[in-house]
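Written below as structure tokens is the structure these notes are about.
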Amino acid sequence: MQRTLTLTRPDDFHLHLRDGAMLTGIAPESARDFARAIIMPNLVPPVVTGAQAQAYRERIRTALPGADFTPLMTLYLTEASDSADIVAAHRAGIIHAVKLYPAGATTNSDSGVGDFDRVRATFEAMAEAGVPLCVHGEVTDADIDIFDREAVFIDRVLDPIRRAVPGLRVIMEHVTTADAVAYVRGADRGLGATITTHHLIINRNHILAGGIRPHYYCLPVAKRETHRQALLKAATSGDARFFLGTDSAPHADPAKEAACGCAGCFTATNTMPVLAEVFERAGALDRLEAFVAHHGADFYGLPRNAGQLTLERQDAPVRFPEKIETGAGPVTVFDPGFPVHWRVAAG
Ligand code: NCD
Ligand code: ZN
């Protein structure tokens with residue numbers, strides 16, 4: 001049995017770091033294992049301009065004194081976004097992508113896009129300048145069942161955008177369905193997808209069977225088991241279009257454990273050990289490095305990291321903290337629901 005695994009230091013291509021006391025409390029959880037992360041812009045108010053992204057990047061750096069961690073910033077696309085500002089911020093190295101949230105899709109997405117024709121010119125400018133588009137792929141229509149929203153989004157929104165602006169590089173964020181995996185596989189170029197840690201592990205039974213478990217509720221919501229299997233197959237396949245974006249999305253426990261609980265799983269603390277266990281069980285430990293450290297960097301046109309991360313296997317299950325205490329309240333760490341034998345080796 002393999003006991004140690006040394007990887008290129010990984011990147012997280014979809015991360016929520018929040019702001020203020022929550023940022024200070026949870027940012028070290030990502031900086032410990034990851035070299036870089038694509039930082040989601042869904043603050044309140046959202047990060048819309050290059051100047052706001054630059055200021056947010058400074059706040060992240062301040063929260064991580066001395067850490068070897070590079071935040072890769074994104075802008076939140078609105079119908080009023082300024083293409084020239086987006087392109088200038090990208091050229092200046094302040095941002096690495098723009099995030100499209102359909103209006104009302106998820107946490108803090110009220111400023112998102114309702115009418116896709118109104119951002120068409122921005123997509124064209126981004127394609128021209130090589131700015132990638134990260135997409136939250138769910139329609140928000142009240143008459144579409146929540147379990148169908150990703151598949152419907154592909155047909156009604158994503159495919160038309162990609163046909164209209166073929167030069168646009170798109171990342172389908174946190175894919176949750178076999179439909180999305182098939183769509184990415186069928187694209188000839190310019191399309192990648194992130195897969196989260198938790199969607200490789202949970203299906204909708206984990207949220208709903210035998211009692212409601214708010215810490216497994218995230219968006220897009222986990223689907224049925226066949227979809228989880230499709231995600232696992234994609235992540236462990238070696239296909240360079242699939243890469244890790246944890247979507248680690250902290251909310252303080254009272255906001256999760258409520259009559260109307262927030263969406264988001266917090267996986268930053270234990271993602272690498274949990275993924276090692278998942279890949280080992282799938283007989284694909286040799287493909288973990290590409291998924292967490294090569295494919296995403298290559299898709300974004302970033303150099304692969306020079307540093308390394310070593311994981312060690314032990315016989316006894318590893319214990320992770322149940323919660324991270326922050327100035328904004330306690331945040332429950334994702335529980336994969338099975339023993340994890342891997343841990344990150346010191347230094
Ligand atoms: C995210 C959040 O809390 O910001 N929640 C989630 O369930 N993933 C928003 C998002 O990425 O959809
Ligand atoms: Zn997210």
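Excluding same-chain neighbours fewer than eight residues apart, the lysines reachable from LYS233 by a Cα-Cα span under 20 Å are LYS223. Less than 5 angstrom separates the built amide H of CYS218 from those of GLY264, all sequence-distant by 5 or more or on a different chain. Within the straight-line cut-off of under 19 Å between alpha carbons, the lysines reachable from LYS256 are LYS323, sequence neighbours fewer than 8 places apart in one chain being disregarded. Quick one: net charge of ARG9's neighbours, Cβ under 14 Å, K/R +1, D/E -1? Overall, the nearby charge balance is -2. Calculated on the alpha-carbon coordinates, the convex hull of the range 1-123 measures out at 139 cubic angstrom per residue.
Between helix 225-235 and the chain there is an angle of about 90 degrees, using the helix long axis and the longest principal axis of the Cα atoms. Relative to the Cα centre, the charge distribution of the range 123-215, modelled as +1 at Lys and Arg Cβ and -1 at Asp and Glu Cβ, gives a dipole magnitude of about 340 debye.
Around LEU133, what is the net charge, scoring Lys/Arg as +1 and Asp/Glu as -1 over all other residues with Cβ under 9 Å from its Cβ? Show your work: numbers first, answer last.
Values: positive: LYS99, ARG169; negative: none.
Summing Lys and Arg as +1 and Asp and Glu as -1 gives +2.
Given +1 at the Cβ of Lys and Arg, -1 at the Cβ of Asp and Glu and no other charges, the dipole of the range 172-304 around its Cα centre is 280 debye to the nearest 20.
Would you report the distance distribution of C-alpha pairs in the range 171-259 as whole percents per 10 angstrom bin, up to the bin with the largest distance? That works out to 17, 47, 26, 9, 1, in percent per bin.
Taking the longest Cα principal axis of the chain as reference, the axis of helix 20-31 is set at about 60 degrees.
Determine the per residue accessible area of the chain with all protein chains present and a 1.4 angstrom probe, expressed in square angstrom. Don't skip to the answer; put the middle values down first.
On the way: 13770 Å² over 347 residues.
It amounts to 40 Å² per residue over the chain.
Along its first, second and third principal axes, ordered by size, the range 4-344 spans 56, 44, 41 Å in Cα coordinates.
About its Cα centre, what dipole magnitude does the range 4-344 give when the only charges are +1 on Lys and Arg Cβ and -1 on Asp and Glu Cβ, stated in debye to the nearest 20? Taking the Cα centre of the range 4-344 as origin, the dipole is about 520 debye.
Considering helices alone, the calculated mean residue ellipticity of the chain at 222 nm is -8000 deg cm²/dmol, with DSSP H runs of length four and up weighted by -39500 (n - 2.57) and normalised per residue.
Take the Kirkwood radius over Cα pairs of the range 132-182, plug it into Stokes-Einstein at 37 °C and 0.692 mPa s, and you get 290 µm²/s for translational diffusion.
Roughly to the nearest percent, how much of the accessible area of the range 121-223 is carbon and sulfur, given a 1.4 Å probe? Answer for the range 121-223: carbon and sulfur cover 49 percent of the accessible area.
The values are calculated or read from the model by the stated rules, or taken from the named source; none is laboratory data. Because the structure is a prediction, the values reported are computed rather than measured. In this analysis, Cβ positions are derived from the backbone assuming ideal geometry, glycine residues included, and neighbour counts consider all displayed protein chains. Note: accessible area is taken over every heavy atom of the protein model, side chains too, but ligands, DNA and RNA are not part of it. Shrake-Rupley method; radii C 1.70, N 1.55, O 1.52, S 1.80 Å.
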